[in-house]
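**Q** Below are the structure tokens for one structure; questions will follow.
Nothing in this text is a laboratory measurement; each read-out follows from the coordinates by a stated rule. Quick caveat: nothing in here was measured; it's all calculated off a predicted structure. Cβ sites come from the backbone with ideal geometry, for glycine too, and all protein chains shown count toward neighbours.
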Amino acid sequence: MKTANISVTVVVMLGLLILASASHAQERLKKIRITYPTESIAVLPLFAAVKWKTFEENDLLAEIIQARSQVANAALASGEIGYFAGVGPASVSATLRGLQSRAVWFASDEIVYLLLARPEFANIRDLRNKKIGLTGLGGTSHVALQIAMESMGENPKNFIYLSITAAQTMAALETGVIDAALLSPPYDFYAKKKGFREVLNAGSYARMPFGGLTVMIATMRSRSDELKKSHSRFTNSQTRNDQVERKNGGAGLQLS
């Protein structure tokens, strides 16, 4: 009986030591808050950093929050969040309007957006006065689509735009809530598998920053060490995912 009691005591003590160690580890991590606009390849470095726990390797505990660019800009200005995982027309416009923010890094200068339509629409002309789903009105996808349309000789005002999340796109296309959607990987791949037709490659006509990291100037000045660590987690995770893709024949981290 004494042996059994001793064993139980040892197990309890070990459990308490493990909990205390985990609590201490959590306490030493600096908490940061990062927002992202939508699930797409543009925020892959962020998701990779979270999945591979590279923030923790640099003593950071990242809280990830999804928010539209306009909401994220307001949260940046108020100090509710420290970082926005994106660089695009909305964040640039906010800076030009006076928001004291700066883009400190962007993932690519080549955007990846395809306009996919229901099978009954053969080309961009067929979509005039039809509903097109976008992940953010006024954001990168919207501006890129307008540039591509104008390059094709189309007036962007001849189309109807609806804001919709990437996760809702498939159901909206299948039910006819929207007639087409501008998608980036991996959602464009899923849409093609379901039989939706590519009618425009916006990336062929528009060139602008795709993904990245935006912060307030105050953060750059007062939390420079934290910023360097956060920035390195993005870049290192992107490099690591690129290496995984090359090793696996193009298959890197999956968004869903």
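**Q** FRET efficiency for residue 57 and residue 222, Cβ-Cβ distance as r, R0 = 22 Å, nearest 0.05?
**A** Step by step, r from the Cβ atoms, then E = 0.40.
**Q** Further question on the same structure: Could you pull out the pairs from 51/194; 31/228; 157/192; 53/193; 51/229 whose alpha carbons sit more than 21 Å apart here?
**A** Pairs exceeding the cut-off: 51/194; 157/192; 53/193.
**Q** How about the range 28-116: which GluC sites (Glu not before Pro) there lie in a loop by DSSP and see at most 16 other Cβ atoms within 10 Å? Don't skip to the end; give the middle numbers.
**A** Details: sites: 39, 56, 57, 63, 80, 110; in loops: 39, 80, 110.
In loop regions of the range 28-116 (DSSP not H, G, I, E or B), the sparsely surrounded GluC sites (Glu not before Pro) are 80, 110.
**Q** Residues with amide H under 5 Å of residue 162's amide H, sequence separation 5 or more or different chain, H placed in the peptide plane at 1.01 Å from N; which?
**A** Excluding prolines and chain starts, which carry no amide H, the hits are 132, 133, 134.
**Q** State the Kirkwood hydrodynamic radius of the range 56-176 in Å, one decimal place, computed from all pairs of distinct Cα atoms.
**A** For the range 56-176, inverting the mean 1/r across all distinct Cα pairs yields 16.6 Å.
**Q** If you don't mind, another one. Could you tell me the relative contact order of the range 114-204? Use alpha-carbon pairs under 8 Å, at least six residues apart, and round to a whole percent.
**A** 54 percent
**Q** If I model a spin label as a point 7 Å beyond the Cα along the Cα-Cβ vector, how far apart are those points for residue 100 and residue 120 in nm?
**A** It works out to 5.5 nm between the two label points.
**Q** Along each of the three principal axes of the Cα atoms of the range 126-239, give the extent in whole Å, ordering the values from largest to smallest.
**A** The Cα atoms of the range 126-239 stretch 52, 29, 22 Å along their principal axes.
**Q** Right, another one. List the residues, sorted by chain then number, that are 5 or more residues from residue 66 or on another chain and whose placed amide H is less than 5 Å from its amide H.
**A** Correct list: 36.
**Q** Express in whole angstrom the spacing between the alpha-carbon centres of the range 28-79 and the range 125-139.
**A** What the calculation gives is 28 Å, centre to centre.
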